[in-house]
Amino acid sequence: MLNKSLKKSSLCLSVAVTLLSASAAVLAATASTSIPVSASITQTCSISTTSALAFAAYDPLIANATTALNATGQVSVACTKGATGLTIGMDNGTHVSGAQRQMLGGTSAASLQYNLFQPPSNTPGAACTFPGTTAWTNTGSGLFTLATSTTKVARIYSVCGTIPGGQDVAADTYTDTVNATINF
């Protein structure tokens, strides 16, 4: 009787293992697919003023009777890594007369002429040298050409300004606004 019971248990165990194996084989089947993943990055840049071009007091009688007054401002440019064909242009300002940039007095309505020049190299942070040699405009050779962007980290460039000496102007506070543009 024990033998018969053992055989019966053995048979049940064998059937159970066979059923479990068959269902595991059914569950072990797989299918797969590939999921394409993509992204695109367009070349883009931004420009901002790091420091204004703020001249010291202009003295038309003594200090600047014959000597120019120089000052330096800065712009910051950030572009996507690998960005090429980069140039910075400066327009002629709000109060331009012909092709001459000028600041306008707040109360006297007089004008004070000034010029903008590019720094001597396109190395970020290059200091201005005076007198400047290349006028900074928004067209042709007046565009400041930048090197290819090697990282997205912002780069700082000097804006070199000169107020020519010998101008006969009234006491006042003179201002202008120049728009800087990054071309990419």
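Considering the chain as a Gaussian network with a 10 Å cut-off on Cα pairs, which listed residue, Ala63, Ala52, Ala31, attains the greatest mean-square fluctuation?
Result for the chain, Cα springs under 10 Å: Ala31 fluctuates most.
If you wrap a convex hull around the alpha carbons of region 77-184, what volume per residue comes out, as a whole number of Å³?
Residue-normalised Cα hull volume stands at 107 Å³.
Which of the listed residues, Gly105, Thr67, Ile88, is farthest toward the dipole's positive end in the chain, when Lys, Arg count +1 and Asp, Glu count -1 at the beta-carbon?
Checking the options against the dipole of the chain, the answer is Ile88.
At a Förster radius of 22 Å, what calculated FRET efficiency corresponds to the Cβ-Cβ distance of Ala171 and Thr67, to the nearest 0.05?
That pair, Ala171 with Thr67, gives E of 0.70.
Kindly put Asp168, Asp91, Asp59 in sequence by how many other C-beta atoms sit within 10 Å of each C-beta, fewest to most.
Ascending Cβ contact count within 10 Å gives the list Asp168, Asp59, Asp91.
Run the numbers on region 93-184 and let me know its relative contact order in percent, using alpha-carbon pairs under 8 Å that are six or more apart.
38 percent
Principal axis lengths of the chain from Cα atoms, whole Å, largest first?
Here the spans come out as 131, 31, 26 Å, largest first.
In degrees from 0 to 90, rounded to the nearest 10, what is the angle of the helix 2-27 Cα long axis to the longest principal axis of the chain?
Between helix and principal axis, roughly 30 degrees.
For Ala68, enumerate residues with amide H under 5 Å from its amide H, sequence gap 5+ or separate chain, H modeled in the peptide plane.
Gly165
Show me, for region 68-80, the HN-Hα J-couplings you get by feeding each phi into the Karplus relation (A = 6.51, B = -1.76, C = 1.60, θ = phi - 60°), rounded to Hz, glycine and proline as x.
Couplings: 5, 9, 10, 7, 10, x, 8, 10, 10, 10, 10, 9, 4 Hz.
FYI, it's all coordinate maths here, none of it is from the lab. Only a predicted model underlies this, so the values are computations on that prediction, with no experimental measurement involved. Virtual Cβ from ideal backbone geometry, glycine too; neighbours counted across all protein chains shown.
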